[in-house]
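Working notes for the structure below.
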Amino acid sequence: MKVAAGGEIAREMRIDAAEIAERKRFLELGADDAARLAVVHAGLGDGMHGFAGDFYERLRGYPPLAALLRDDATLARLQGAHERYFRELTAGDYDAGYVARRLEVGVTHARIGLEPKWYVGAFRQYLSGMLDAVWAHSGGRRESFVPAFDALLKVAMFDLGLTLDTYIHADKRRIALRDRAIESSVNGIFIADAGQPDYPLIYVNPAFERVLGAGTGCVVGQPCICRHEGDGQGDDGYSEIRHAIARGSEGNTVLRLRRV
């Protein structure tokens, strides 16, 4: 089921076989790299266990992230998934199923609110741990270590690219849903540019068009025709909204539609 879910995400993001091949080609991630990592994978064996625990221990030890991972059941589920994640990273098989599982990890992190900066920072911890592990596996021989660790870096960047793209995709989906809700709302909604004189309109939804009795092309770019009902003090009614934006809080004001 998880692979199917990841496969659906891949289809939504248009990450097909050709896209996967292009990403690998740009990273210079080839069959030789996969073979080197498969050898490392077999050689390290159980030595690769524990990376997921260290990964989430670091996340939980940082105050801004502790609240996201307070639920032990959620933590156990995520940690188990990441244990598999790190084992697969060096397994040498980077096909469509691998990509689908990587995309699902990114979607999960986006859903729980784990920002990319934390994920990337914790991933660094994994690479540092693997630095010693791959060096030991190579017997301290530079000619063996460098190609193997370079291959690991390629796969790591391949993974990070997929994960970051899922964050972007999730944001695009949220924006699309919001735009759809605004477009279909029975309430008149407009967006004005508060940084320009007269607050020119930059968007009106269909309901607001009906209120105006005019199409979008007739009103976008025109000065906002909604003004404060007035208290005789010259306040245009937008100051409270500007202050609310600056505070990062909700705000409201009463405006009157002035027909022209």
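The table below lists the values:
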{"read-out": "Helices (runs of 4 or more DSSP H) completely within segment 88-200 that count 3 or more residues being free of Cβ contacts under 8 Å to residues at least 12 places away in the same chain and within 30 Å of VAL220 (Cβ to Cβ)", "value": "142-184"}
{"read-out": "Selection status of LYS24, under 15 Å from TYR98 (Cα atoms) and either among the aromatic types (Phe, Trp, Tyr) or at pLDDT 75 or above (or both)", "value": "yes"}
{"read-out": "Test for ASP231: is it over 13 Å from ILE191 (Cα atoms), charged (D, E, K, R), surrounded by 12 or more Cβ atoms within 10 Å (Cβ to Cβ) and modelled with pLDDT under 70", "value": "no"}
{"read-out": "Number of the condition not met by ALA5 [criteria: (1) among the hydrophobic types (A, V, I, L, M, F, W, C); (2) at pLDDT 95 or above; (3) under 27 Å from the mean Cα position of the chain (by Cα)]", "value": "(2)"}
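Condition check ((1) surrounded by 12 or more Cβ atoms within 10 Å (Cβ to Cβ); (2) in contact with a Cys (Cβ under 9 Å, 6 or more places away or on another chain)) across all residues:
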| site | (1), (2) |
| --- | --- |
| ALA170 | yes, no |
| ILE175 | no, no |
| ASP179 | yes, no |
| ASN187 | no, no |
| PRO200 | yes, yes |
| GLY213 | no, no |
| VAL219 | yes, no |
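Conditions (1) at pLDDT 85 or above; (2) at positive phi; (3) in a helix (DSSP H, G or I); (4) within 21 Å of the chain's Cα centre (by Cα), marked per residue:
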| position | (1), (2), (3), (4) |
| --- | --- |
| ARG14 | yes, yes, no, yes |
| LEU29 | yes, no, no, no |
| VAL40 | yes, no, yes, no |
| ALA73 | no, no, yes, no |
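The values are calculated or read from the model by the stated rules, or taken from the named source; none is laboratory data. Given the structure is predicted, the values throughout are model-derived calculations rather than measurements. For neighbour counting, all protein chains shown are included, and Cβ atoms are generated from backbone atoms with ideal geometry for every residue, glycine included.
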